[in-house]
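**Student:** One structure follows; several queries about it will come next.
The values are calculated or read from the model by the stated rules, or taken from the named source; none is laboratory data. What you are looking at is a predicted structure, and each value in this text was computed from that prediction instead of being measured. Cβ coordinates were reconstructed from backbone atoms using ideal geometry, including for glycine residues, and neighbour counts include every protein chain displayed.
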Amino acid sequence: MLSVESGASWRRKYRRAEELGYDALLVPGHLGMPAPFPALIAAAEATERPQVGTFVLHTDEGNRPH
């Protein structure tokens with residue numbers, strides 16, 4: 001999920017991935033990309049079997065205390 005799409009579009013893609021037999025649905029969590037959590041929620045709502053998660057969660061290094 002590298003672009004911002006509607007929730008309905010994400011859910012269709014996740015249901016299709018489940019139909020194809022995917023065991024895990026992972027999304028990137030990197031700065032400059034859409035937030036991973038809405039996509040993960042859509043995946044969890046639309047499917048029954050696959051596990052959902054992120055590859056890596058990137059924190060915003062610009063907000064560190066100095």
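**Student:** Kindly indicate whether any position in the stretch 34-41 is in a helix (DSSP H, G or I), surrounded by 12 or more Cβ atoms within 10 Å (Cβ to Cβ), at pLDDT 85 or above and of a type in the set (V, I, T).
**Tutor:** The answer is yes, given that some residue of the stretch 34-41 is in a helix (DSSP H, G or I), surrounded by 12 or more Cβ atoms within 10 Å (Cβ to Cβ), at pLDDT 85 or above and of a type in the set (V, I, T).
**Student:** In the stretch 7-29, which residue that is within 13 Å of the chain's Cα centre (by Cα) and exposed (fewer than 14 other Cβ atoms within 10 Å of the Cβ) is modelled with the lowest pLDDT?
**Tutor:** It comes out as G7.
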